[in-house]
Amino acid sequence: MLTSRKGPAFETTGADGEQISDVRNDAETCSRCDLYKDATHLVFGEGPERARILFVGEQPGDKEDLAGKPFVGPAGKLLDRCLDEAGIDRDLCYVTNAVKHFKFAARGKRRIHAKPNAGEVQACAWWLAAELRLVKPKLAVALGATALYSLLGRQAKVTRDRGTVLHSPDGLPVLVTIHPSALLRTMDQPDAEMNRARFVEDLRKIADFVE
């Protein structure tokens, strides 16, 4: 089991003195794509700055956009519970998204999630690359197709590669699995518990690989 390390937070510094807090501040004024125009907040990654595990999701949802924090909505809470079942302490993990602003379609007072397109993912790749460079994780976990595309490009597929560890062009190991929001969408189906168990089993491979 991965357990928490207590003590002061690590400050991650690049070869030129760049720190992840500097990158986060720079991202606040990002206009590389148009998503910033309607979003409430930039939602940058959070977690230990020398985390061994870095999770990548698709984009912030409604709750994350309002809070300015990643994975605090229903999918994030489900991820926390599944990580706990898998013996992984989220406090050891850095969590972020391929896209840092919420993309949505307005439906009256509701804001409905809209999937980022390839151009938006590519525009935001600058920030994800900086997070990977500075955090230097031992393992990245791709949560869903958009995250996988952001890390490995079009050649990797969730349906085919789920549960396996692939490698990015620069050698970073990437564990492939689904996004927890996919579980939320199927909670009323007969195979919901089986799907959840399979997701937890994917997450258990994190400890096996890292340790």
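Residue check: is Asp62 modelled with pLDDT under 95 and either of a type in the set (Lys, Arg) or open to solvent by 20 Å² or more (accessible area, probe 1.4 Å) (or both)?
no
In the range 96-118, which residue that is touching a strand residue (DSSP E or B) at 6+ places or on another chain (Cβ under 8 Å) and open to solvent by less than 20 Å² (accessible area, probe 1.4 Å) is nearest to Gln19 (Cα to Cα)?
Per the stated criteria, the residue is Thr96.
Report, ordered by the first and then the second residue, all pairs with beta carbons closer than 8 Å, sequence separation of six or more or different chains, a first member in the range 145-162 that is farther than 12 Å from Val121 by Cα and of a type in the set (D, E, K, R), and a second member that is open to solvent by 20 Å² or more (accessible area, probe 1.4 Å) and not in a helix (DSSP H, G or I).
Hits for this filter: Arg162/Ile178.
From the list Val121, Val141, exactly one residue is surrounded by 13 or more Cβ atoms within 10 Å (Cβ to Cβ), touching a Leu at 6+ places or on another chain (Cβ under 7 Å) and not hydroxyl-bearing (Ser, Thr, Tyr). Which is it?
That would be Val141, the only listed residue that is surrounded by 13 or more Cβ atoms within 10 Å (Cβ to Cβ), touching a Leu at 6+ places or on another chain (Cβ under 7 Å) and not hydroxyl-bearing (Ser, Thr, Tyr).
Inspect the range 23-31 for any residue being of a type in the set (A, V, I, L, M) and either open to solvent by 60 Å² or more (accessible area, probe 1.4 Å) or touching a His at 6+ places or on another chain (Cβ under 9 Å) (or both) and give the result as yes or no.
no
Wholly within the range 86-141, which strands (runs of 3 or more DSSP E) include no fewer than the required count, namely at least 2 residues that are more than 16 Å from the chain's Cα centre (by Cα)?
Fully inside the range 86-141 and qualifying: 104-107, 110-113.
Can you name every residue in the range 36-70 that is among the aromatic types (Phe, Trp, Tyr) and either in contact with a Leu (Cβ under 6 Å, 6 or more places away or on another chain) or part of a strand (DSSP E or B) (or both)?
Within the range 36-70, Phe55 is the sole residue that qualifies.
Given the structure, is Thr3 outside any strand (DSSP E or B), modelled with pLDDT of 95 or more, of a type in the set (Ser, Thr, Tyr) and farther than 23 Å from Gly144 by Cβ?
Considered against the rule, which asks whether it is outside any strand (DSSP E or B), modelled with pLDDT of 95 or more, of a type in the set (Ser, Thr, Tyr) and farther than 23 Å from Gly144 by Cβ, Thr3 comes out as no.
The values are calculated or read from the model by the stated rules, or taken from the named source; none is laboratory data. Keep in mind that this is a model prediction, so the values were computed, not measured. Here Cβ is always computed from backbone atoms with ideal geometry, including for glycine, and neighbour counts include all displayed protein chains. Ligands, DNA and RNA are excluded from the accessible area calculation, which covers all protein heavy atoms including side chains. Shrake-Rupley method; radii C 1.70, N 1.55, O 1.52, S 1.80 Å.
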